[in-house]
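Okay, so here's the structure we're looking at.
Every number here is computed from the coordinates shown, using simple stated rules; none is lab data. Note that the structure is a prediction, hence the values are computed from the model and not measured. Neighbour counts run over all protein chains shown; Cβ positions are idealised from the backbone, glycine included.
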């Protein structure tokens, strides 16, 4: 039906007879001449209807926004003074000769221009209309370019696109599974995959030594701006390659992507051990665009009488850290109170602070309700360690280490954004040398990444003293967002059993849940490793979107529901009987 896309028309098409199909974006009547802005996925073209073609003119006069039409006409240059340099098609217009209304449309629930403010619930309920917006279409087309680029890169490097099952069994990967009842196996359930982890390892055992998949994954967890119950990851696994090789290959993929799609040279990615990232930034995914760092001051505060600081300073599991903000003395008490509420979200009981007004006057030049509790000598030692200057403000965190890290780490980002301290557009980073395990609340151990990550020690050393042992894991971080995480995997059955032992997984439980993997490791498993990127997060960052919902065609809400289809929904009693399920309603 069409000969050209609307957005593809340019000056070189002047004089050509063409056919366009699309939606009426806007209709305007100027002095007896009707203008239709016709829209398709590639953009907008201006179509002009003169009254000397009475039939098509009258028909054009009757159309309204979002009518689906076909136009036949001739491309011509726009008259002098009417060129629109902000549009790709701004040098031309189409003189409409014939118009066919393919379908009428009711008035949409919201306008489709970029400046229209519409509640997200309205947009998601009518997502098929929201997806017509040029802004959203640009993002989804951009997403398609990204996946095309990534596929080309991986296939040029010898990777095979192999699909793995969606219906599998539940595995302990850190989040709740979505369960699917089996009709043919009464009382049993499939689980939707949180990742293709085990299957891609089995592919390595099978000899497919370079695998990738743009895979759908599912996690039944609390949602945030960068999370969805179903999401897409770029899943990569390779054999006979160590972490240096895997990191180099995937870094090359992301650098190539940014260069080709955004014309941005990310340069070489620096590397930072996990321990350093937590000490300096309170986060294992630090945003290096912001030049603020956490500084430990516990040793200076251990012997003061102020227990708010002295207690955590003496606690082996506690931390007292300070965050210096240059120029922050200008912050009002109201803003500081807002920051105090903000850190409370992360478990902090308060937010101590000192404003540096005139350092030459000693403690007299410091403004804070806590200075009197520190003592003159300690207060000035803190100023010296932080290299404080007039006009600075210093925030303090004192609590369990994880609370201080999360609270001050988040405050660092918020203050940096609020005070426009971001120094550059892109800041990539590799975080390496992660701990193998972390302690649970009940004193046990849990894998920091997942239980198939290889440790940087022998199985005997791991079992004898698991605390403090490092893993062969690595995360790629960009602007404070984890783009992807991966590791060298365990390919030896004895090592896998050692990890299960540390995690408190018995031989019986290991056999029940992972017997197929343990058996596979007996039959010549090669050294292998990989990495998985969050495609939705990557597109969100590259398009400057505030949420991954903006770059997913049909996203879920914050409560993991679909307003468009009203899912999840109830099912009939007959369906439940087929599945041998009886619902128990909570009182």
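Results, tabulated for the structure shown:
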item	result
Scaled radius of gyration (Cα, divided by 2.2 N^0.38 Å) that region 290-423 gives	0.97
Region 325-397 versus region 110-150: alpha-carbon centroid distance in Å	44
Over region 459-587, equivalent-ellipsoid semi-axes from the Cα gyration tensor in Å	37, 28, 14
Approximate spin-label separation residue 41-residue 577, in nm, with each point projected 7 Å along Cα-to-Cβ	4.5
Computed FRET value (nearest 0.05) for residue 390 with residue 333, which takes r as the C-beta separation and R₀ as 22 Å	0.70
Relative contact order [Cα under 8 Å, 6+ residues apart], the chain, whole percent	13
Cα pair distances of region 11-103 binned at 5 Å [whole percent]	3, 15, 27, 29, 18, 7, 1
Gained length - residue 523 relative to residue 151, 0.36 nm times residue gap less alpha-carbon distance	130.8 nm
Cα centroid separation, region 191-261 to region 457-490 (Å)	16
Degrees between helix 333-344 axis and first principal axis of the chain (Cα, 0 to 90, nearest 10)	80
Structure-based [θ]222 nm, the chain - -39500 (n - 2.57) summed over DSSP H runs of at least 4, per residue, nearest 500	-9000 deg cm²/dmol
All-pairs Cα distance distribution in region 199-357, expressed in whole percent, bin size 5 Å	2, 6, 9, 12, 14, 14, 11, 10, 9, 7, 4, 2, 0, 0
Acute angle (nearest 10 degrees) that the helix 376-385 long axis makes with the longest principal axis of the chain, alpha-carbon atoms	50
Mean Cα-pair separation over length for region 1-57, i.e. relative contact order, pairs under 8 Å, 6 or more apart, %	32
Cα Rg, Dmax, region 542-587, angstrom units	16.6, 48
Alpha-carbon centroid distance for the pair region 546-562 / region 1-36, whole angstrom	33
Mean Cβ neighbour count within 10 Å, used as a protection proxy, ranking 125-133, 460-468 highest first	125-133, 460-468
P(r) of the chain over all Cα-Cα pairs, binned every 20 Å from zero, in whole percent	16, 39, 33, 12, 1
Label point distance in nm, residue 442-residue 380, each placed 7 Å from Cα along Cα→Cβ	5.3
Label-point separation in nm, residue 259 to residue 361, each point 7 Å along Cα→Cβ	5.6
Peptides ranked, highest mean first, by Cβ atoms within 10 Å: ranges 502-510, 243-251, 100-108	243-251, 502-510, 100-108
Distance-filtered residues of region 440-474 - backbone nitrogen under 17 Å, label point 7 angstrom along residue 516 Cα→Cβ	452
Within the chain, percent of DSSP bridges classed antiparallel, to nearest 5	95
Theoretical FRET efficiency, 1/(1+(r/R0)^6), r = Cβ-Cβ of residue 492 and residue 103, R0 60 Å, to 0.05	0.45
Angle in degrees between helix 134-156 and the longest Cα principal axis of the chain, rounded to the nearest 10	60
Protection proxy ranking, peptides 433-444, 377-388, 277-288, average beta carbon neighbours within 10 Å, highest first	277-288, 377-388, 433-444
